[in-house]
Amino acid sequence: DASAASVAAAAARSAAAEKPFSTTVATPEALLDAGAGSYDVVCALEVLEHVADDAAFADALSALCRPGGHVFVSTLNRTPLAYGAAVVVAERWLGLLPRGTHDYEKFRTPDEVAALLG
């Protein structure tokens, strides 16, 4: 994860887990640049709508996944319901997220995500 706060939370869970796991603060592109190995599972959950170049990001995810491994991606679907939940409710009404966290134009449909991952 590129967020130090998210990685710290994951590290705390790992310490308490029956099977600990490793955590790293980095983007997929930075991991590739650092010569990271390949992984059985690569997850990008609720991040695709925040990256500058989603095609490059998806390519990096695929490059980090070993042959026969799995890439899991979740993101906000570009629907009126998702806009209402993420932007109107979470950002504007409840203030759970800073205004501008989400750009509706960067939400991706399932077909668009599938095409990105090839």
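The values are calculated or read from the model by the stated rules, or taken from the named source; none is laboratory data. Keep in mind the model is a prediction, meaning the values are calculated, not measured. Please note: Cβ atoms are built from the backbone with ideal geometry, for glycine as well, and neighbour counts cover all protein chains shown. For accessibility, only protein heavy atoms count, side chains too; no ligands or nucleic acids. Shrake-Rupley method; radii C 1.70, N 1.55, O 1.52, S 1.80 Å.
Explain nothing, just the number: dipole magnitude of the chain about its Cα centre with +1 on each Lys and Arg Cβ and -1 on each Asp and Glu Cβ, in debye rounded to the nearest 20.
With only Lys, Arg, Asp and Glu charged at Cβ, the dipole is about 360 debye.
Show me the GluC sites (Glu not before Pro) within region 8-114 that DSSP assigns to loop and that have at most 13 other Cβ atoms within 10 Å of their Cβ. Intermediate results must be reported in sequence, preceding the final value.
Details: sites: Glu18, Glu29, Glu46, Glu49, Glu91, Glu105, Glu112; in loops: Glu18, Glu46.
Those that pass, being in a loop and sparsely packed, are Glu18, Glu46.
Leaving ligands, DNA and RNA out of it, report the carbon-plus-sulfur percent of the accessible area of the chain at a 1.4 Å probe. Mind showing how you got there, number by number?
Details: 4420 of 7480 Å².
Summing carbon and sulfur atoms, their accessible area is 59 percent of the total for the chain.
Which residue, Leu116, Ser62, Ala5, has the largest displacement toward the positive end of the dipole of the chain when charges sit on each Cβ (Lys, Arg +1; Asp, Glu -1)?
Working it through, the farthest residue towards the positive pole turns out to be Ala5.
How much length would be gained if the chain were fully extended between Glu112 and Ala34, taking 0.36 nm per residue of separation minus their Cα-Cα distance, in nm to one decimal?
Working: separation 78, 0.36 × 78 = 28.08 nm, distance 2.88 nm.
Gain on extension, Glu112 to Ala34, equals 25.2 nm.
Roughly how tilted is helix 4-16, in degrees to the nearest 10 and between 0 and 90, from the longest Cα axis of the chain?
Tilt relative to the chain: about 60 degrees.
Stokes-Einstein at 25 °C, 0.890 mPa s, Kirkwood radius from Cα pairs: D for region 43-102 in µm² s⁻¹?
On the way: Rh = 13.0 Å.
Value of D from the Cα-based Kirkwood radius: 188 µm²/s.
Report the rotationally averaged projected area of the chain based on its alpha-carbon convex hull, in square nanometres.
Values: hull surface 34.1 nm².
The Cα convex hull of the chain, projected and averaged over all directions, gives 8.5 nm².
How large is the accessible surface per residue of the chain, computed with a 1.4 Å probe and reported in Å² as a whole number?
On the way: 7480 Å² over 118 residues.
In whole numbers, the chain has 63 Å² accessible per residue.
For the chain, what does the helix formula give at 222 nm: sum of -39500 (n - 2.57) over DSSP H segments with n ≥ 4, over the residue count, nearest 500 deg cm²/dmol? Could you put the intermediate results ahead of the total?
Details: 5 runs with 42 residues, N = 118.
It comes out at -10000 deg cm²/dmol, rounded to the nearest 500.
Taking 25 Å as R0, compute the FRET efficiency from the Cβ-Cβ separation of Asp53 and Thr23 and round it to 0.05.
Values: r = 24 Å, r/R0 = 0.97.
Step by step, r from the Cβ atoms, then E = 0.55.
Looking at region 1-55 from every direction and averaging, what is the projected area of its Cα convex hull in nm²?
Details: hull surface 18.3 nm².
So the mean shadow area of the Cα hull is 4.6 nm².
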